[in-house]
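Enquirer: Okay, here's the structure, questions in a sec.
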Amino acid sequence: MPASGDGGFLMGLSESLIGAARSAIVVIYNDAAYGAEIHQCGSQGLTEKPMLTPGVDFSGVARAVGAESAVIRSLSDLSALQNWIDAGARGTCVADCRMTSSVRAPWLSEWINANRARKAAVKG
């Protein structure tokens, strides 16, 4: 089962499994932004606007190119994936998982802090 962030999926849409797989679920972590860049650039005081991808309907895009799809906002929305599986799981089903952009992965916080410390050491 492939998974991707929304920005990564936008960049690699032409290389997706849609139409090529006999049976696949593609999970999109959709926080309406290039998430890692938001945290990295935001931590430096840079504007986040160029990194936002608001309104991209990956579920609609998936349907337009022949896949089944569902927007997932809560656990109950996963029933759409179960229905696809119960119907034979043919082709590709895209789960457009809408999520918050306010959560930062612990490793990213560590990287940001290490980068700040390195820059401070260079400035001396």
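Enquirer: Going by how many other beta carbons lie within 10 Å of each one, how would you line up ILE25, ILE112, ILE85, fewest first?
Expert: Fewest-to-most ranking of ILE25, ILE112, ILE85: ILE85, ILE112, ILE25.
Enquirer: With 10 angstrom as the radius, rank LEU10, LEU75 by how many other C-beta atoms surround their C-beta, starting from the fewest.
Expert: Ordered by Cβ neighbours within 10 Å, fewest first: LEU75, LEU10.
Enquirer: Let me ask something else. Dividing the alpha-carbon radius of gyration of the chain by 2.2 N^0.38 Å (N being the number of residues), what value is obtained?
Expert: That ratio works out to 1.29.
Enquirer: What are the ³J(HN,Hα) values, in whole Hz, obtained from phi via the Karplus relation 6.51 cos²θ - 1.76 cosθ + 1.60 with θ = phi - 60°, for each residue of the stretch 48-65 in sequence order, with x given for Gly and Pro?
Expert: Values per residue, Gly and Pro as x: 8, 3, x, 9, 8, 10, x, x, 6, 9, 5, 5, x, 4, 4, 4, 5, 9 Hz.
Enquirer: Does a label point 7 Å from the Cα of ILE85, set along Cα-to-beta-carbon, have any residues of the stretch 61-79 with amide nitrogen under 18 Å, and which are they?
Expert: Once the point is set 7 Å along Cα→Cβ of ILE85, 68-79 turn out to lie under 18 Å by backbone N, inside the stretch 61-79.
Enquirer: I've got another one for you. Consider a paramagnetic label point 7 Å from the Cα of GLU48 along Cα→Cβ; state which residues of the stretch 81-103 have an amide N under 18 Å from it.
Expert: 98-103
Quick note: the coordinates plus some simple rules give every number you see, no bench work behind them. Just so it is clear, the model here is predicted, and its values are computed rather than measured. Note that each Cβ is placed from the backbone with ideal geometry, even for glycine, and that neighbours are counted across all protein chains shown.
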